[in-house]
């Protein structure tokens with residue numbers, strides 16, 4: 001047994017059968033950050049409209065990205081999403097991104113939360129790449145997972 | 001002037017007009033890595049079929065992800081892609097991902113290369129999340145950009 | 001409180017959490033019309049095959065458009081659709097479009113019905129734009145909504 | 001000859017062959033409006049963040065909608081888009097929407113401009129439908145078309 | 001009565017209302033084959049990596065294709081998929097493809113199974129078309145259907 | 001050298017770099033058929049509206065399917081399509097499908113033509129499956145390819 005649930009005993013990829021899993025409320029939280037130059041941070045922090053739109057575009061991209069997860073991740077199940085929230089916070093080193101995704105379905109939504117963070121990060125880089133071509137996405141990870149057979153998982157302290 | 005090319009003078013987002021830009025060969029290289037537990041690395045390193053498929057699924061996801069870039073990134077131009085290559089290498093800490101994207105069009109393809117890396121990383125996490133729920137995507141960034149008005153850009157040494 | 005359910009207290013957009021909403025049968029009816037030149041109406045009214053196909057293409061586009069609603073409307077929930085019906089009627093001023101969408105899920109389907117009407121209207125214009133470049137889409141609106149917490153809503157007489 | 005370019009002599013739909021058409025700069029402008037209740041207009045006019053986000057979400061939806069045009073309109077050619085701009089202006093009766101789309105390809109972009117306006121309108125309605133379930137999309141139409149064999153077309157005064 | 005469930009009494013296409021259908025476990029199995037030249041079969045049979053990847057790419061394409069069914073088939077309902085399995089076997093005449101799709105929803109999943117087989121076959125042809133431009137997809141058909149009002153259907157012996 | 005252009009020397013899948021290929025007019029013709037029961041053929045042959053819509057829906061699905069080719073086939077390049085034509089002819093054994101796709105780009109369009117035929121066939125089966133659950137797609141193949149480095153290829157007589 002390889003431990004990889006998405007491949008069968010012969011090693012072939014499959015979308016694993018979740019028919020027997022319970023339908024139930026599930027939540028996943030993920031986070032990540034985009035490291036930016038001081039110049040890019042200053043532009044995002046400036047109190048005028050562009051700031052709103054740059055972060056706003058990334059937020060919308062993250063929410064829409066969560067909905068595209070089964071299109072992007074080959075073996076992800078297409079499931080209903082009941083709520084998606086993406087928060088972006090400008091900090092000294094760049095922008096912190098947090099996403100929370102909820103469902104009441106047969107699979108967890110950690111891939112949806114990770115995808116929301118990743119796509120928001122990509123969209124943010126697209127907004128600032130003319131002033132900072134060296135932006136870096138870092139620390140994209142699941143923080144917490146509630147519901148399902150594995151119950152409540154919280155990222156262990158490092 | 002905010003320096004953000006994707007917002008106009010009033011701060012509203014737009015897909016910037018590239019009609020006046022030259023059509024020409026452009027290449028972008030991006031990289032990133034997925035940090036994994038020793039157990040997950042061992043599974044990926046095991047010489048049997050699942051390894052092939054786990055990395056293979058991520059590779060395909062990355063290539064297809066590059067093609068979905070304008071669907072995911074709100075202000076990205078839909079452009080032709082002439083070549084996409086995604087490499088995954090298992091290392092002690094996890095998996096290193098590198099993507100190269102080529103086009104001959106009016107915009108650069110660094111967003112496509114970053115998207116290829118990000119989607120490959122997400123797909124890889126999806127493959128191993130049952131054995132390693134704490135995987136982290138890190139260091140997703142443009143390494144090199146060739147072509148276009150800005151010419152040849154290489155990530156500066158840190 | 002702004003009254004806008006899709007933005008939180010800080011004004012940030014989100015896909016609102018509907019976990020607590022009841023699953024139940026819901027129906028929405030929307031309508032709209034495309035104003036056309038007499039020449040375009042005459043072509044659509046002519047008793048030969050093209051008429052069938054022009055209206056048929058628009059009908060199919062409307063049904064498929066309803067399915068794409070969560071891809072198009074950033075904060076719409078992806079939900080199951082149980083039935084979609086799009087009717088097009090040629091009248092003296094152009095074409096009247098009516099759409100009915102049904103589901104048994106946690107959100108209403110008025111956006112799906114409005115999207116079906118809009119996409120059918122766009123597809124119809126695409127079919128006739130060579131003979132009538134001045135076509136206008138008008139009066140796209142929800143007519144009736146059944147089910148959900150707000151119960152039965154019918155458009156008030158004007 | 002029916003005059004419908006998208007159907008052949010037997011009436012069957014087709015994506016018309018544009019191989020022989022010139023590649024050249026083309027622009028299309030379209031407009032439309034969403035009629036809203038005074039309450040909804042007041043919320044959009046209030047000087048706080050939600051306003052920005054409500055209009056911002058619609059603007060992004062319109063830009064992304066333009067890119068999805070060939071997915072939505074069955075016989076539309078998939079083409080490169082060089083620029084998309086969507087403007088929303090709050091007026092006493094609701095919101096005015098204007099879209100400008102540019103390309104240098106073999107087909108006009110009026111369908112892309114109309115789709116941008118329609119999807120922005122739908123997204124706006126989604127944002128305000130909790131306070132105004134009776135919103136109406138009206139007057140969606142091409143205003144001006146530049147480039148291509150038919151040259152410069154401007155909507156005639158009514 | 002025409003017997004075509006997807007058209008109403010006037011002959012117009014519609015997505016049929018399945019609200020009254022039971023939610024229940026449903027499975028569909030479909031199969032098909034791609035006829036290839038001996039040279040292409042030999043390459044696929046060679047024991048090195050390309051074989052793995054050629055079949056692996058087709059397998060992934062089939063699984064992802066199953067998820068795109070409602071995007072491709074105009075009147076198909078968008079439904080949850082609980083499991084998708086695609087098997088490819090190299091035989092003397094080419095490659096045999098089998099797909100199994102499971103759901104617990106209101107409609108059968110035979111279209112999803114047929115789409116999985118067809119897209120896997122197309123992706124396989126794309127992989128080998130440089131060495132065999134004459135490949136043929138043949139015998140794509142439902143083998144078995146379990147669940148739903150019609151109960152258990154098995155393809156009759158010919 | 002394996003002869004598989006879509007895998008590199010190590011066997012990894014890639015979207016092959018076509019930058020060096022010439023842009024030029026290219027056409028591909030593909031065909032296929034759906035084998036149906038006499039009852040299903042009789043319904044399609046009946047002279048009333050349903051027939052038109054059943055074939056019309058399949059035709060539209062085929063045209064739209066051609067546009068989705070790069071979304072479905074992992075290593076296909078996203079390219080401009082200049083024309084797509086899908087013909088369906090009812091014959092005694094079922095329905096014959098022929099598709100012609102044109103472009104002026106760097107890659108051939110045989111995958112687009114094969115996809116158009118396959119998706120039209122799937123959509124047709126969806127229309128008739130209530131009366132004929134045993135329909136079979138057969139003989140999907142490229143008939144002719146014009147343009148590109150390989151020049152004019154016609155399927156050899158069998």
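The values are calculated or read from the model by the stated rules, or taken from the named source; none is laboratory data. Everything numeric in this text was worked out from a predicted model, so none of it was measured. Neighbour counts are summed over all protein chains in view; Cβ atoms, including those assigned to glycine, are modelled from backbone coordinates with ideal geometry.
Considering E:131, E:117, which residue is facing chain F (nearest Cβ under 10 Å) and under 12 Å from the mean Cα position of the chain (by Cα)?
The conditions single out E:117.
Test residue E:25 against the criterion of being over 30 Å from residue B:65 (Cβ atoms), without any contact (Cβ under 8 Å) to a residue 12 or more places away in the chain and either at the interface with another protein chain (Cβ under 9 Å from one of its Cβ atoms) or not in a strand (DSSP E or B) (or both), and give yes or no.
no
Against the definition (part of a helix (DSSP H, G or I), more than 9 Å from chain F (Cβ to nearest Cβ) and buried (at least 20 other Cβ atoms within 10 Å of the Cβ)), how does residue E:124 come out, yes or no?
Yes.
Name, by its number, the condition in (1) farther than 18 Å from residue E:64 by Cβ; (2) surrounded by 24 or more Cβ atoms within 10 Å (Cβ to Cβ) that does not hold for residue A:100.
For residue A:100, the exception is condition (2).
Kindly establish whether residue C:61 is within 17 Å of residue C:111 (Cα to Cα) and modelled with pLDDT of 95 or more.
Yes.
Residue check: is residue A:56 farther than 28 Å from residue E:63 by Cα and part of a strand (DSSP E or B)?
no
Which one of F:61, F:99 is facing another protein chain (nearest Cβ under 7 Å) and either within 24 Å of residue E:122 (Cβ to Cβ) or in contact (Cβ under 8 Å) with a residue 24 or more places away in the chain (or both)?
F:61
Select from region E:108-131 the residues that are modelled with pLDDT of 95 or more, over 20 Å from residue F:128 (Cα atoms) and touching a strand residue (DSSP E or B) at 6+ places or on another chain (Cβ under 8 Å) and list them in ascending order.
E:120, E:121, E:122, E:124, E:125
Kindly establish whether residue C:104 is within 25 Å of residue C:5 (Cα to Cα), in contact (Cβ under 8 Å) with a residue 12 or more places away in the chain and either in a loop (DSSP other than H, G, I, E, B) or within 11 Å of the chain's Cα centre (by Cα) (or both).
Considered against the rule, which asks whether it is within 25 Å of residue C:5 (Cα to Cα), in contact (Cβ under 8 Å) with a residue 12 or more places away in the chain and either in a loop (DSSP other than H, G, I, E, B) or within 11 Å of the chain's Cα centre (by Cα) (or both), residue C:104 comes out as no.
Would you be able to tell me the number of residues in region B:74-94 that are away from chain F (no Cβ under 12 Å) and either more than 15 Å from residue B:122 (Cβ to Cβ) or at pLDDT below 95 (or both)?
Count: 8.
(1) at pLDDT below 90; (2) out of contact with any helix residue (DSSP H, G or I) (no Cβ under 6 Å at 6 or more places or on another chain): which one isn't true of residue C:6, the others all being true?
(2)
Could you list, in sequence order, the residues of region B:30-52 that are modelled with pLDDT of 90 or more and either facing chain A (nearest Cβ under 9 Å) or touching a helix residue (DSSP H, G or I) at 6+ places or on another chain (Cβ under 6 Å) (or both)?
Matches in region B:30-52: B:30, B:32, B:34, B:35, B:39, B:40.
Within region D:147-155, identify whether any single residue is more than 11 Å from the chain's Cα centre (by Cα), more than 7 Å from chain C (Cβ to nearest Cβ), outside any loop (DSSP other than H, G, I, E, B) and over 26 Å from residue D:46 (Cβ atoms), and answer yes or no.
Yes, the conditions are met somewhere in region D:147-155.
Confirm whether residue C:66 is modelled with pLDDT of 90 or more, outside any helix (DSSP H, G or I), in contact with a helix residue (DSSP H, G or I) (Cβ under 7 Å, 6 or more places away or on another chain) and closer than 23 Å to residue E:7 by Cβ.
Taking the combined requirement at face value, the residue does not satisfy it.
Please tell me if residue C:134 is closer than 20 Å to residue D:76 by Cβ, touching a strand residue (DSSP E or B) at 6+ places or on another chain (Cβ under 9 Å) and surrounded by fewer than 24 Cβ atoms within 10 Å (Cβ to Cβ).
Against the criterion (closer than 20 Å to residue D:76 by Cβ, touching a strand residue (DSSP E or B) at 6+ places or on another chain (Cβ under 9 Å) and surrounded by fewer than 24 Cβ atoms within 10 Å (Cβ to Cβ)), residue C:134 qualifies.
Can you tell me which of D:71, D:87 is within 19 Å of residue C:114 (Cβ to Cβ), within 20 Å of the chain's Cα centre (by Cα) and surrounded by fewer than 24 Cβ atoms within 10 Å (Cβ to Cβ)?
D:71
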